[in-house]
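Peer 1: My questions will all concern the structure given below.
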Amino acid sequence: MEPNALVECAYELMGSLKEELAERGTVAPAFILLYDRDCEVLTFSPRLFASAEGKAAVARAFRNRARQTGAHGALMGARQQLLHPRPHRDARGESTTGTGRRRRRHRCAHPIGLRKTSAGLSVTLQTPAFHLLVQQLYARGDNSIVFGELRTLDSREVPMEAAGLFSIYGGQHVTPR
């Protein structure tokens, strides 16, 4: 599957999550493996997401299935709280919110304070070559949901940390071109 087609799948999943949230007021986590001409949707009991052990079991099952079937990509979508770090300023007064080596050292010396926490939808696309993160903020109004900022981070353009617990293609990362 071409990279552009994989990215399009990530945006389609985000659209589906937004529709589900608007209709039902909640979102079930989505786990999708992408192949050349089709995809496989994996479902897990919502009870598994209530504990660290359950989440680890889901991660293992998803990772194992992706490796067994040779999936070209893995899509994960969920509703979550999105944390926005308070940007630090360097000696010149410029924001240093990047994830470079210097930034990580600075973060260890001076812990990041959280500017705010927002509700949001998050879709992660993982491939052996790159990771893509799409986040859509939202707020609940009077019987409605108002969608805010949509952010996209692509590891081919912006260095990103691995996806952590649900990392399928761990240790592989393309450098920016």
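The values are calculated or read from the model by the stated rules, or taken from the named source; none is laboratory data. Remember, predicted model here, so these are calculated numbers, not experimental data. Here the Cβ positions follow ideal geometry from the backbone for every residue, glycine too, while neighbour counts run over all protein chains shown. Each accessible area value is taken on the protein alone, full model and side chains, heavy atoms only, with ligands, DNA and RNA left out. Shrake-Rupley method; radii C 1.70, N 1.55, O 1.52, S 1.80 Å.
Peer 1: With a 1.4 Å probe and every protein chain left in place, tell me how much accessible area SER122 has, in Å² to the nearest 10.
Peer 2: Accessible area of SER122: about 10 Å².
Peer 1: Probe of 1.4 angstrom, ligands and nucleic acids ignored: what's the accessible area per residue over the stretch 1-73, in square angstrom?
Peer 2: The answer is 61 Å² per residue.
Peer 1: Something else about it: With unit charges on the beta carbons (Lys and Arg positive, Asp and Glu negative) and the dipole taken about the Cα centre of the stretch 1-55, which residue among GLY54, ILE32, THR43 sits farthest to the positive side?
Peer 2: Working it through, the farthest residue towards the positive pole turns out to be GLY54.
Peer 1: Still on this structure, please answer the following. Would you mind computing, in nm to one decimal, how far apart the modelled labels at ALA28 and GLN81 are, each placed 7 Å from Cα along Cα→Cβ?
Peer 2: Here the modelled spin labels are 2.6 nm apart.
Peer 1: Simple spin-label model, 7 Å along Cα-to-Cβ: ARG140 to THR152 in nm?
Peer 2: 3.0 nm
Peer 1: Quick check: residue separation of GLU19 and GLU53 times 0.36 nm, minus the Cα distance between them. What number comes out in nm?
Peer 2: Once the chain is fully extended between GLU19 and GLU53, it gains 9.2 nm.
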